[in-house]
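So the structure is just underneath, and the comments pick up after that.
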Amino acid sequence: MPTQKSNAAGSEASGTPFYTPSATPAIVFGEERVASTPFVFGPDARQPEALPMSSPSYKPSVSPSIISGEECGASAPFVCGPSSARHSETRSVSCPVSTPSATPSIAFSEEHVPSPSFLFDRSGASLPTTPTQRTSSHNDTASNTPRYTPPVTPPFPFGEQRTSSPAFTFRLDVHPDTPLPSVELDQSVTATSGESSPSSMAHTSSSWALASIVDQKSEQADLTQDIQNLRLNSATPVATGAVNSHQRPSHHRNTSSTTSTPSIHITPMPTVVDSGEPAREDSLVRGIDALRMDKDHRSLQSSDTEQFLRTESPAISGSRETASRSVSPSRRRRSGSNTGATTHQVEDETPPQALVRERELQAALRNARSVTTRMAEILSSSRLHEERDSSIGSLHQQAINLSKFQPPSLRIVGLVGDSGVGKSSLINSLLDKQGLARASNSGAACTCVVTEYHYHEQDAFIIQVEYFTLDQLRSQLDELLHAYRDYEALTPNTNITDKEREALKKKANLASSTFSASFKRRIAQIPGILLSFPFDQALETMIGWASETLRRQETMPERFERITQFSSRLSQLTSETDDASQTSFWPFIQKIRVYLKAHILSKGLVIADLPGLRDLNSARQNVTERYVRQCHQIFAVANIGRATTDQGVVEVLELARHARINNVGVVCTKSDEIIANEARNDWPAERSRIDALLLKYDNAKEQVEGLMADIEEFGSDVDDLCEEDRQDLFELQQELRRAEKTMNDAGFEIQRHIITVRNQKVTRGLRKQYGNNTNLNVFCVSNKLYWDVRQKSVQVSMPSIQTSGIIDLRRHCISIVADSHIRAAKEYIQEEIPAFLGSVQLWVEAGAGNGSAERKQQILEAMSAVDQELDKLTSPVSRINSISHSVNSKFDNQIGAYMRDRAARWGAGAHDASRDWQQWHHASFSAFCRNYGEHYTRTIGSKCWNGEAMSTMKEDLYSQWVNLERSLPAYLEQTNVFIESCFIRVINTLKKIPNADDGARAGIRTLIATFRHRRHLLSYDFENITDDFRAQISAVQTDALSPIRTSIIGTLMENKYKRANREYGSGSDRRRKDIITDGFSSPALFNDHRRRFKERFVHVSNELETKIRNAIAAQLAFVATDLNTMRDQNVVLESERNPEFRTQLAAELVLVEDDMGEIRRSIEGIVPGVRKRVG
């Protein structure tokens, strides 16, 4: 209800009160201030002329406000109807200054003293009434204008009076689906001389105005619709009970002479097409009942909570039930808590400890980049930087590069899971982008595409597609075509087991779906290609079709401004299309890279959506397996209800065991799907706690039901209640809201408790099942809890968001990349920038020295000695240029020769192992062939043929490999010492320059400091390179000694398994066993294994040497520039030619050095374990 308050500046001068609407909306029909004329709405009404009024300035609200006939003195009549005459007479009235609230209100004929009645009958004739007068206790004696202070009443009084109120009669023969009018500001009215510019309000027949006012709760939308569907109709207005314009007291006209009021234009309501539905006579009554009593939504709310607590249905919303709905405007205004409330910000989440340190370092990084930007600007202030081969130009480019520094680290988190486990929703939650990744379509040919999510600074979304090569597609199409023809060749009499037949059917269905997706129209035109064509001809035809398809595909990145457009395109690329004439893209796609702006990716993290490891397409399964081995963290994603038995989880953890991958974990989704009574029965230890929580909820629910019963006793007609009863009703409604909150809090407390307990039990179960691995990372999450409240205010959403587990998982992922960032940033601040500043200082000092010719000659001789020392790092006979040769020689001596001598022995061991498998039942043997040698049956147990066949080799090679691994770090450390010794000798040479003058000594000291920074930077690069080398060598070991499908033994035997899988019919069991035995017994198997092993090792060692040489060359290029600055006369002349610029640069260097000193001190102690400097 609006309230009046005086304004110190306005009310004393004009005697006109100021109107300040309350934060609580009021829908007041017939509320009055002084007097008003009747409002007549009806099908016979015509549009009246606008009645200009003068008033103080009117400030329109941000939100729409409908104020029809609101006055303080009196108002001219508003008449709508075809029989009404147009009004041209202008009436002046007195009106307060109105500052409408930011929320809508509707006041029909709101006045201070008397008001007309609204009378509508079935005939459309108006029935006059005279309102009862009563004295206001808040009259302004100075202005004779009353002030109005509303009593405490329920929030929605209809027909409530201050002095008097009209009656309401609604014609029942009027169709209810005609929308009520709304009023809008008309800015077309201009101010007249000596008056403030009047606002005007033009009526339009829109429905948004009333719809925006009904803000009790979303369940009360029926009232909104009923009011919108209501038409108020009347005939010609009657003057009885209204103050005629000729009868207004003269003092009202006088007091309003200096102000103006807004004029309101009312236009006829639009004609509504009759839908043939019967008129609803009780629409408004039902709407008011819902608005007052709030019965419907409370019953529904209680029912939903009860459903979670008592029945076998999904859990209640992750937050309190009242919070899970859209909070209505009225609720927001009454409570004030949600008005302008902010939602949860991912950036504000508590970071991992490593990131806390990084945040401190980020501030230092920003300051350091600012310093280099300043230096770039200073260096560009002289035209010297534009000259070819200019030293200033080189320094200017260094400054620009340093100002763009970003930590180069990149960490990949891979999510592996089957379709339907909630992986897409999990990615959306981690990225905090609802609707970004869509769930895969059901069916045999669901997406099998690796999708990477990368960070960029733009708000747009970028998609970049990487397609398979034709050779890769040939391999896949060959396998699929064989599978399709093998199944189609079966007859009912074919001698195979049901399991074999089912396995063949699955692969044939996959082949059929893939062919259909890839070549829809072509297959329809040439159906015989799948069965009738010779195999080679059919395969080559398909390769030709694939080549045409790939040529038509867009290889450039695609940009999308809206998430809906992006999501549709991503779904199109990764899923089956419903259009029979369109080719699906997913069979041709190997990987998709997505670039977007998401906080979790902003630190260098990449999230990879990976298909499951059980893909029937072996080529795609190999892609996933190889990718998993590159990831810095792998998560198997599974439904929490099946996490301990999920075969996808089993296979991911088995792969991690075979491939020696330690950074593996499990994400259990749908943690909210649990029911209180089921948890109570399943967990006896938690029964008492759950019972106590249920009792708390039941008590709160009982209180709610009691309060609802008390409220119902007041009846549905508030107008019949006395003031005391209204007050009691209002207090009961307030108490009911508090009780509902208590009930919903209790319901959420139960949900949070049982979710937490179940999460703990599942985590313990998984760690126990997989070797009592207490380091296994397990996260239980609920995407539903997260998104149900994600857009609500922080106060409302945080309990559910925290319970969802998404924040904990996001924090873990960010921590993976944080540590690597810190070290790179410290090297940038402590070494790279100081080395650059030293080079600038050398240029400044080069133009300031006036040494003698003898001193210059001594410097030149010293520079030549430095060159000779540095040549030892780059000469053809340098130790650096023999790194690869030395490392490869170690491999040949310790591994290669050893493998060559024992190849026959290992082949015999593999043959013996394969003969043991020949005794198996043909069904079991066939099942192992279909699974490429690794499978489990109840009779045989879990076996891996590849592992058993190479077990002798693995045992023999273990000690040899350990010796090689120990020798490599020692050799690399010797190489690092060699590099360090070269720089130390250079520094000692510079220190020995005799009898240098002050200018020369300053330059030498700067050069020595710069050399030290370059040496530390090279040592840092060398350490990173050797770390990468060790990781690559470990991967080579996995390739050589593990039995997984992408290992050397797996790839060598793959074709043997495929041949065995194509054997069916009579004698097929014998043929399969011969194929597998011959493959493992072949003398070429382990010789081929040795050759591939060496190829991969040599490739890694060659990369090691190349990286070290490049790192040395990069630092020596800077060193050479510094040496030229000391000895090149052209550089000296360049510095001497522009003394003003040199002076300015020297002054800036002093300031920059001070700033860098502060920056270095700010990061001291942030990161322990930073390499100590030597020399």
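The calculated FRET efficiency for the pair LYS591 and ASP717, based on their C-beta separation and a Förster distance of 51 Å, comes to about 0.15. Using the Cβ-Cβ distance between HIS812 and GLN868 with R0 set to 51 Å, the FRET efficiency from 1/(1 + (r/R0)^6) comes to roughly 0.45. A convex hull fitted around the alpha carbon atoms of region 874-929 yields 105 Å³ per residue. Label-to-label distance for THR350 and ARG938 is 4.9 nm, based on points extended 7 Å past Cα in the beta-carbon direction. Counting alpha carbon pairs within less than 8 Å and at least 6 residues apart, what relative contact order, in whole percent, applies to region 633-705? That works out to 30 percent. Distance between the 7 Å Cα→Cβ label points at SER370 and ASP536: 7.2 nm. Just want to confirm a number: the relative contact order over region 566-649, from Cα pairs under 8 angstrom separated by 6+ residues, in percent. Across region 566-649, relative contact order equals 14 percent. A simple spin-label model places pseudo-atoms 7 Å from Cα toward Cβ; at SER878 and TRP683 they are separated by 6.4 nm.
Over region 569-645, the ratio between the Cα radius of gyration and 2.2 N^0.38 Å evaluates to 1.34.
Full extension of the chain between ASN663 and ASN1102 yields a length gain of 155.3 nm, computed as 0.36 nm times the residue separation minus the alpha carbon distance. Under a 5 Å amide H cut-off, with hydrogens placed 1.01 Å from N, HIS456 pairs with LEU596, LYS597, ALA598 among residues at least 5 apart or on other chains. Projecting the alpha carbon convex hull of region 739-816 along each direction and taking the average yields 6.2 nm². Summarising the overall dimensions of region 555-703 from its C-alpha atoms, the Rg and Dmax are 21.9, 65 angstrom. Taking every alpha carbon pair in region 864-980, what does the distance histogram look like in 10 angstrom bins from 0, in percent? In order of increasing distance, the bins hold 11, 27, 19, 17, 13, 8, 4, 1 percent. Can you pull a Stokes-Einstein diffusion coefficient for region 1085-1162 at 37 °C (0.692 mPa s), Rh from Kirkwood over Cα pairs, as a whole number of µm²/s? After rounding, the answer is 187 µm²/s.
Taking 0.36 nm per residue of sequence separation and removing the Cα-Cα distance, the GLN960/ASP471 pair yields an extension gain of 172.4 nm.
Please find the FRET efficiency linking HIS921 to ARG559, where r is the Cβ-Cβ separation and R0 is fixed at 45 Å, and quote it to the nearest 0.05. In this case the efficiency is close to 0.20. Descending by average beta-carbon neighbour count within 10 Å, the peptides 1093-1103, 1149-1159 line up as 1093-1103, 1149-1159, the highest first. Values of log10 I(q)/I(0) for region 470-569 across q = 0.12, 0.19, 0.24 Å⁻¹ run -0.52, -0.96, -1.26, by the Debye formula with one identical scatterer at each alpha carbon and no solvent. Rounded to whole Å, the principal axis extents of the Cα atoms in region 668-801 read 74, 35, 17, largest first.
For ASP1078 and ASP728, the difference between the fully extended length at 0.36 nm per residue and the C-alpha to C-alpha distance is 116.7 nm.
The radius of gyration of the Cα set in region 602-661, together with its Dmax, comes out at 12.2, 36 angstrom. Taking 1.002 mPa s as the viscosity and 20 °C as the temperature, the Stokes-Einstein diffusion coefficient of region 1017-1101 based on its alpha-carbon Kirkwood radius rounds to 141 µm²/s.
From most to least packed by mean Cβ count within 10 Å, the peptides 489-499, 652-662, 744-754 give 744-754, 652-662, 489-499.
Just so you know, the Rg over Rh for region 482-637 is 1.03, from Cα atoms, with Rh as the Kirkwood radius.
Under 20 Å from the 7 Å Cα→Cβ point of ARG738, by amide nitrogen: which residues of region 675-709? Within reach of a label on ARG738, which here means backbone N under 20 Å from a point 7 Å along Cα→Cβ, region 675-709 contributes 696-709. Each principal axis of the Cα cloud of region 1066-1118 was evaluated for its coordinate range; sorted largest first, these ranges are 75, 20, 6 Å. Distant-in-sequence amide contacts of ILE674, defined by a placed amide H-H separation under 5 Å and a gap of 5 or more residues or a different chain, comprise ALA315.
Packing order of peptides 449-460, 706-717, 565-576, highest average first: 565-576, 449-460, 706-717 (average count of other Cβ atoms within 10 Å over each peptide's residues).
Readers should treat all values here as calculations from the given coordinates under stated rules, not as data from a laboratory. Quick caveat, the model's predicted, so the values are computed rather than measured. A quick note on method: Cβ atoms are made from the backbone with ideal geometry, for glycine too, and the neighbour counts reach across all protein chains shown.
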